[in-house]
Amino acid sequence: HGVFDLLHSGHAAHLEQAAALCGRLLVSVLADRFVRKPYLLNDERTRMYMVSRLKGVAQVILCPGVGPEALLQELKPDLYIRNDEYQDQSKPEYKLCRSLGIKVVFTRTVPPHTSELIERIRKYEPRT
């Protein structure tokens, strides 16, 4: 589950690790209207297409709410997989997963992080 706007190698590594943990990887992409970031470079259709092209991704679903709770209740997957940067956070979907018997699993963060890339772009100076 995520925005996946500025798709990078960290996203690819996360999804590759996630695919190795399950039989069929479904990825939810947050709808444009729910993205809270100050920027959005790609619309939801483009983001879904880009994620769908990554190795190991079986299906991409547009997330119909601010969080993945409705999808978790509807699909009831065996696993809910997030990046370990979210491990120490108390997210509402973690409580829902526990109540539905869905195991929450975390992948290992692989740099870069999107915010790091945005900062590098902001500081970029063309070669002369």
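Out of curiosity, is GLU16 farther than 22 Å from THR109 by Cβ, acidic (Asp, Glu) and either under 14 Å from the mean Cα position of the chain (by Cα) or assigned to a helix (DSSP H, G or I) (or both)? When the stated conditions are applied, GLU16 does not pass them. The residues on offer are VAL110, VAL105, and the sole one that is surrounded by 14 or more Cβ atoms within 10 Å (Cβ to Cβ), hydrophobic (A, V, I, L, M, F, W, C) and either within 14 Å of VAL27 (Cβ to Cβ) or out of contact with any Gly (no Cβ under 7 Å at 6 or more places or on another chain) (or both) is VAL105.
Hey, can you tell me all the residues within segment 1-13 that are in a helix (DSSP H, G or I) and of a type in the set (A, V, I, L, M, F, W, C)? Once the filter is applied, which keeps residues that are in a helix (DSSP H, G or I) and of a type in the set (A, V, I, L, M, F, W, C), segment 1-13 yields ALA12, ALA13. Filtering segment 12-29 to residues that are touching a helix residue (DSSP H, G or I) at 6+ places or on another chain (Cβ under 8 Å), open to solvent by less than 40 Å² (accessible area, probe 1.4 Å) and not hydroxyl-bearing (Ser, Thr, Tyr) leaves LEU15, LEU25, VAL27, VAL29.
In segment 24-54, of all residues being charged (D, E, K, R) and closer than 21 Å to LEU117 by Cβ, the one that is modelled with the lowest pLDDT corresponds to LYS37.
Could you look through segment 113-128, keep only residues that are among the polar types (S, T, N, Q) and open to solvent by less than 90 Å² (accessible area, probe 1.4 Å), and pick out the one that is farthest from LEU6 (Cα to Cα)? Checked segment 113-128; the qualifying residue farthest from LEU6 (Cα to Cα) is SER115.
Residue count for segment 114-128 satisfying the condition of being assigned to a loop (DSSP other than H, G, I, E, B) and either within 16 Å of SER9 (Cα to Cα) or at pLDDT 85 or above (or both): 0.
Taking segment 24-46 as the range and being closer than 20 Å to GLU69 by Cβ and not in a loop (DSSP other than H, G, I, E, B) as the test, the residues that pass are LEU25, LEU26, VAL27, SER28, VAL29, LEU30, ASP32, ARG33, PHE34, GLU44. A single entry from LEU79, LEU54 fulfils the requirement of being under 19 Å from GLU93 (Cβ atoms) and touching a helix residue (DSSP H, G or I) at 6+ places or on another chain (Cβ under 7 Å): LEU79. Going residue by residue through segment 38-48, is there one that turns out to be open to solvent by less than 50 Å² (accessible area, probe 1.4 Å) and more than 17 Å from VAL3 (Cβ to Cβ)? Scanning segment 38-48 turns up no residue that is open to solvent by less than 50 Å² (accessible area, probe 1.4 Å) and more than 17 Å from VAL3 (Cβ to Cβ).
Of all residues in segment 55-85, those being modelled with pLDDT of 95 or more and in a helix (DSSP H, G or I) number 7.
The values are calculated or read from the model by the stated rules, or taken from the named source; none is laboratory data. Keep in mind the model is a prediction, meaning the values are calculated, not measured. Reconstructed Cβ throughout: ideal geometry from the backbone, glycine too, with neighbour counts over all protein chains shown. Just so you know, the surface numbers come from the protein's heavy atoms only, side chains and all, with ligands and any DNA or RNA stripped out. Shrake-Rupley method; radii C 1.70, N 1.55, O 1.52, S 1.80 Å.
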